[in-house]
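The values are calculated or read from the model by the stated rules, or taken from the named source; none is laboratory data. Since the structure is predicted, the reported quantities are computational estimates derived from the model, not experimental observations. Here the Cβ positions follow ideal geometry from the backbone for every residue, glycine too, while neighbour counts run over all protein chains shown.
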Amino acid sequence: MTAPLINKDNLVGVINCERTLTKRGPFTFENLDLLETLASQASIAIENARLYHNLLNVYLETIRSLAAAIDAKDSYTHGHSRRVTDLSVGLALEMNLPKTDVDTIRHASLLHDVGKIGISEQILLKPGRLNDEEFETIKAHPYIGAGILNSIEFLKNVCEIIKHHHERFDGRGYPDGLQGDEIPLGARIITVADSFDAITSRRPYRKPLTFDEATSEIIRCSGSQLDPQVVDAFVRLKDSKHCPPWFSGDYLDQSLADKFPLQL
């Protein structure tokens with residue numbers, strides 16, 4: 001006995017039933033009515049799954065597009081968002097966070113600097129150090145980023161993380177001077193990843209630190225700028241199964257990050 005799976009006049013499949021060896025005799029009209037009811041419900045479920053899949057693809061493409069816009073805005077930090085994402089996800093997994101939290105941190109870290117879209121290129125691309133006024137302008141980018149994403153319904157869950165990724169564990173960060181557990185855990189994780197990538201990246205006014213030098217600096221900042229719990233996970237990461245493929249042992253090659261597919 002077979003019934004079609006039809007949604008909006010489109011055939012999406014068929015459902016087939018057969019008698020077992022222990023049951024003889026033909027199917028009844030009651031059996032057919034039941035099968036058609038099941039077929040109707042199944043076709044609705046299949047269509048809902050298809051629509052959800054399409055919506056998810058739009059969601060992920062939006063994230064990728066925003067991340068690409070960030071890198072295009074600031075050529076000095078090309079690939080920064082990607083590397084921070086790899087490290088943040090590795091840290092979240094190393095800390096055994098639930099999958100939903102890992103996914104949120106994945107998306108927040110990829111978009112953590114989206115607020116720089118609202119900052120003048122004259123400041124972003126300045127070859128030397130920023131003066132006090134320029135630094136105050138740069139400090140607005142977490143607020144700007146949260147404001148941009150807050151208007152996108154499916155990205156609202158990353159806004160608080162992005163807003164607070166420049167807070168310090170000791171309360172001396174910005175924009176709100178939060179400290180300790182007041183800072184969202186996702187933001188504390190991104191802060192460690194962001195800090196490591198920043199000090200190992202070449203800038204016009206300074207050379208990058210080596211892997212060992214950067215690791216020592218991360219450890220030195222534990223308890224002041226950085227969450228000790230996240231720093232502990234960072235120290236373990238290089239020998240962990242959660243370590244990004246381009247970040248292993250005492251070897252660091254940022255250019256390798258782009259050679260591996262980004263998992264969203």
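Residues in the stretch 181-202 that are modelled with pLDDT of 95 or more and either assigned to a loop (DSSP other than H, G, I, E, B) or on the phi > 0 side of the Ramachandran plot (or both): ILE183, PRO184. Taking each residue of the stretch 129-151 that is assigned by TED's automatic domain parsing to the domain that holds GLU167 and looking for partners that are acidic (Asp, Glu) and assigned to a helix (DSSP H, G or I) with beta-carbon atoms closer than 8 Å, six or more apart or interchain, yields ALA146/GLU160. Return a yes/no flag: does the stretch 162-171 have any residue that is at pLDDT 95 or above and in a helix (DSSP H, G or I). Checking the stretch 162-171: at least one residue is at pLDDT 95 or above and in a helix (DSSP H, G or I).
Filtered by the rule that a residue be without any contact (Cβ under 8 Å) to a residue 12 or more places away in the chain and part of a loop (DSSP other than H, G, I, E, B), the stretch 109-128 gives a lone residue, LYS126.
Across the stretch 31-45, not a single residue is classified as under 30 Å from LEU11 (Cβ atoms) and at pLDDT below 80. Only one entry of LEU178, LEU237 meets the criterion of being at pLDDT 90 or above, over 30 Å from LEU125 (Cα atoms) and either among the β-branched types (Val, Ile, Thr) or crowded, with 18+ Cβ neighbours inside 10 Å (or both), and that entry is LEU237. Residue check: is LEU87 within 30 Å of GLY145 (Cβ to Cβ) and either polar (S, T, N, Q) or under 39 Å from the mean Cα position of the chain (by Cα) (or both)? Judged against the criteria, LEU87 is a match.
In this structure, does LEU5 turn out to be over 30 Å from LEU110 (Cβ atoms) and in contact (Cβ under 8 Å) with a residue 40 or more places away in the chain? So that I can check it myself, show each step before the final result.
On the way: over 30 Å from LEU110 (Cβ atoms): yes; in contact (Cβ under 8 Å) with a residue 40 or more places away in the chain: yes.
Here the answer is yes, as LEU5 does meet what is asked.
Reported count of residues in the stretch 71-81, each being surrounded by fewer than 19 Cβ atoms within 10 Å (Cβ to Cβ) and assigned to a helix (DSSP H, G or I), is 5. Within the stretch 226-244, residues that are assigned by TED's automatic domain parsing to the domain that holds GLY180 have Cβ atoms under 8 Å from residues that are exposed (fewer than 14 other Cβ atoms within 10 Å of the Cβ) and modelled with pLDDT under 95 in these pairs: LYS238/GLY249; LYS238/ASP250; ASP239/GLY249; PRO244/PHE260, counting only partners at least 6 apart in sequence or on another chain. Under the condition of being surrounded by 15 or more Cβ atoms within 10 Å (Cβ to Cβ) and either of a type in the set (Gly, Ala, Ser) or not assigned by TED's automatic domain parsing to the domain that holds ILE148 (or both), the residues counted in the stretch 85-128 number 7.
Looking at GLU134, GLU121, GLU153 in this structure, which one is under 18 Å from the mean Cα position of the chain (by Cα) and among the charged types (D, E, K, R)?
Numbers: GLU134 fails: under 18 Å from the mean Cα position of the chain (by Cα); GLU121 fails: under 18 Å from the mean Cα position of the chain (by Cα).
From the options GLU134, GLU121, GLU153, the qualifying one is GLU153.
Does ASN157 count as surrounded by 14 or more Cβ atoms within 10 Å (Cβ to Cβ) and either among the acidic types (Asp, Glu) or over 25 Å from ILE219 (Cβ atoms) (or both)? Taking the combined requirement at face value, the residue satisfies it. Across the stretch 183-234, which residue is surrounded by the most Cβ atoms within 10 Å (Cβ to Cβ) among those that are under 16 Å from HIS166 (Cα atoms) and of a type in the set (Ser, Thr, Tyr)? Checking each candidate, the answer is THR191.
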